[in-house]
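Trainee: Can you read through this structure? Questions will come right after.
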Amino acid sequence: MTIRYRRNINCLTDNQLHDLREAYQAIYDLPDSSADSFATLGGIHGSPSPIWCDHGSPGFLTWHRAYIRAFEKALQSVHCDVMLPFWDWSSGPTTGVPEACRHPTYVNRSGNTVPNPLYSGPISSAAGGGTTARRSDIDTTTFGDIATSAQSAMSSSTFSNFQNALNGPHGSVHVRTGGQMSSVSHAGFDPIFFLHHCNVDRLWWNWQQSNPGAAVPTNELTHELDPFNKPFTTDWQTGADVISTDDLGYRYMNWCIFLPPIIVWEVLPIELDPIVLERFRDARLHIRSSRMPAESVEFQVFIGDKDAVANTKIEGNPAFAGTVGLFGMGNMDEKTMMTMTGNNFDIALNVNDHLRQRCKHLIEEQGDTTPKDTKRKKTAKKHTDDENPNATAPLFMRVAAVDAQGKPIEPDRLPIDDIELMVD
Ligand SMILES: [Cu+2]
């Protein structure tokens, strides 16, 4: 199964955000009787009865995972590329809801100002009708204390403790958002419900990554997640069906990293948020192409300060992060080669340890000895949803390409589609 990534709503491109809004609007517009309509899906949580949702143990995490996956599938029936994004109220102090959910209107693809489907949702007539609203001072309401509780839940060592510990901060977000979000019966009609639960699901996913051996209690595995069927059967899904998100086809991208395209031989500044520097788990450089190169190439990756990166020396160069080789097609003529298809490749170089080492260095160099919490607050104060002014600058990266004789290969001789640094 192809794995696709759910992202922070603040990280979506304009195009992705348009797709998301259009998908929401399209399911708002479906007849209430449709299985994919917002009226049906929003109503599954609470009103009209029966109330299907599970909010305790067993089932809080598993039921909501199945629920938001069903919702995501409905969005994908409109735009197949849409992935449900998350509202990150848990990584650090934030105020209000994400920018994309904040305003009653937005400018659509055609340049017209239209209602923002992420601001308010229609309540089905079976649940009383009308539209949703949030507390009137939501834009100045802070969520920092809830983030702190969510972070402490992450250190739970068993599934049950984690589920119980996360339940509280999850509920606080409901109550503090106000309006329909604050009651089980109508919460599912606020469009932000699904972004909120996507974040809950992400925290569980992160906890699963950090606790790979942790047992899931039997009563969770056998718990029935009605009304969600197993595909092509009339059986309900059970907890066991949703433990692995890979089985469901998704993972999470925790951080927004906006980096300019990486061009071979260019020295490129990498700007990463201090929170990312402290907490990232995985860093990989991907080199992708839809065809094989004529000649064999070795890519050498340098990450460090500007001078070390500009230098091509490998041995003893602390900036050297690793190398990947690519077999060429040999003496096949270029024309034949260019027309060959079915040679998509995506090679990844793990630069985890190297980047971590460099980041540690960087944080120490800045002489920052304040305890972590104070450091976060400082960071958050400067943080806004729109920009990233607190990015720590000077890490540089360069990808060099050499042939079998160690001679440089110019970018135009390389059949590379793109090079991307993924940090998460
Ligand atoms: Cu909830």
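The values are calculated or read from the model by the stated rules, or taken from the named source; none is laboratory data. The structure displayed is predicted, hence computed values, not measured ones. Here the Cβ is made from the backbone with ideal geometry for all residues, glycine too, and neighbour counts use every protein chain on show.
Trainee: Cβ-Cβ below 7 Å, separation at least six or inter-chain, first residue in the range 53-65 and in the same structural domain as Asn164 (by TED's automatic domain parsing) and closer than 16 Å to Trp207 by Cβ, second part of a loop (DSSP other than H, G, I, E, B) and within 12 Å of the ligand (Cβ to nearest atom): which pairs?
Mentor: Phe60/Asp54
Trainee: Next question. Any residue that is without any contact (Cβ under 8 Å) to a residue 40 or more places away in the chain and small (Gly, Ala, Ser) - is there at least one of those in the range 183-197?
Mentor: No: zero hits.
Trainee: Output the number of residues of the range 123-144 satisfying the condition of being in a helix (DSSP H, G or I) and out of contact with any helix residue (DSSP H, G or I) (no Cβ under 8 Å at 6 or more places or on another chain).
Mentor: Residues meeting the conditions: 1.
Trainee: Inside the range 81-96, can you point out the residues that are over 17 Å from the mean Cα position of the chain (by Cα) and not polar (S, T, N, Q)?
Mentor: Within the range 81-96, Pro93, Gly96 meet the criteria.
Trainee: Is it fair to say Ser120 is free of Cβ contacts under 8 Å to residues at least 40 places away in the same chain, not in a helix (DSSP H, G or I) and not aliphatic (A, V, I, L, M)?
Mentor: So Ser120 fails the test.
Yes or no, residue by residue, for (1) surrounded by fewer than 21 Cβ atoms within 10 Å (Cβ to Cβ); (2) at negative phi; (3) more than 15 Å from the ligand (Cβ to nearest atom):
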position	(1), (2), (3)
Asn167	yes, yes, no
Ser172	yes, yes, no
Arg176	yes, yes, no
Val184	yes, yes, no
Arg202	no, yes, no
Gln208	yes, yes, yes
Ala215	yes, yes, yes
Pro227	yes, yes, yes
Thr233	yes, yes, yes
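Trainee: Could you list all residues from the range 26-57 that are crowded, with 16+ Cβ neighbours inside 10 Å and away from the ligand (no atom under 16 Å from the Cβ)?
Mentor: Within the range 26-57, Ala26, Ile27, Tyr28, Leu30, Asp36, Ser37, Phe38, Ala39, Thr40 meet the criteria.
Trainee: Hey, among Asp29, Asp36, Asp14, Asp19, which residue is closer than 20 Å to Arg102 by Cα, assigned by TED's automatic domain parsing to the domain that holds Asn199 and free of Cβ contacts under 8 Å to residues at least 60 places away in the same chain?
Mentor: Selected residue: Asp14, the only one of Asp29, Asp36, Asp14, Asp19 that is closer than 20 Å to Arg102 by Cα, assigned by TED's automatic domain parsing to the domain that holds Asn199 and free of Cβ contacts under 8 Å to residues at least 60 places away in the same chain.
Trainee: Assuming Glu278 fulfils every condition listed in (1) out of contact with any strand residue (DSSP E or B) (no Cβ under 9 Å at 6 or more places or on another chain); (2) assigned to a helix (DSSP H, G or I); (3) in the same structural domain as Thr94 (by TED's automatic domain parsing) apart from one, which condition is it?
Mentor: Unmet condition: (3).
Residue-wise test of (1) assigned to a helix (DSSP H, G or I); (2) surrounded by 15 or more Cβ atoms within 10 Å (Cβ to Cβ).
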residue	(1), (2)
Ala147	yes, yes
Ala150	yes, yes
Ser156	no, yes
Asn161	yes, no
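Trainee: Would you confirm, using the coordinates I've provided, whether Trp87 is within 16 Å of the ligand (Cβ to nearest atom), assigned by TED's automatic domain parsing to the domain that holds Glu220 and touching a Leu at 6+ places or on another chain (Cβ under 6 Å)?
Mentor: Criteria met by Trp87.
Trainee: Only one of Ser47, Ser37 is under 21 Å from Ser185 (Cβ atoms), at pLDDT 95 or above and either over 26 Å from the mean Cα position of the chain (by Cα) or not aliphatic (A, V, I, L, M) (or both). Can you tell me which?
Mentor: Just a single option satisfies the conditions, and that option is Ser37.
Trainee: Would it be correct to say that Leu225 is aliphatic (A, V, I, L, M) and in a strand (DSSP E or B)?
Mentor: yes
Trainee: Out of (1) outside any loop (DSSP other than H, G, I, E, B); (2) surrounded by 15 or more Cβ atoms within 10 Å (Cβ to Cβ); (3) more than 12 Å from the ligand (Cβ to nearest atom), the odd one out for Asp246 is which?
Mentor: It is condition (2) that Asp246 fails.
Trainee: Another question, then. Do we find that Gly144 is away from the ligand (no atom under 16 Å from the Cβ), closer than 30 Å to Arg279 by Cα and assigned by TED's automatic domain parsing to the domain that holds Trp52 in this structure?
Mentor: yes
Trainee: Among the residues of the range 112-133, are any small (Gly, Ala, Ser), surrounded by 16 or more Cβ atoms within 10 Å (Cβ to Cβ) and farther than 15 Å from Ile192 by Cβ?
Mentor: Looking for residues that are small (Gly, Ala, Ser), surrounded by 16 or more Cβ atoms within 10 Å (Cβ to Cβ) and farther than 15 Å from Ile192 by Cβ, one finds at least one in the range 112-133, hence yes.
Each row is one residue, and each column tells you yes or no for (1) of a type in the set (Phe, Trp, Tyr); (2) assigned to a helix (DSSP H, G or I); (3) touching a His at 6+ places or on another chain (Cβ under 7 Å); (4) at pLDDT below 90.
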{"position": "Phe232", "(1), (2), (3), (4)": "yes, no, no, yes"}
{"position": "Arg251", "(1), (2), (3), (4)": "no, no, no, no"}
{"position": "Pro261", "(1), (2), (3), (4)": "no, no, no, yes"}
{"position": "Pro269", "(1), (2), (3), (4)": "no, no, no, yes"}
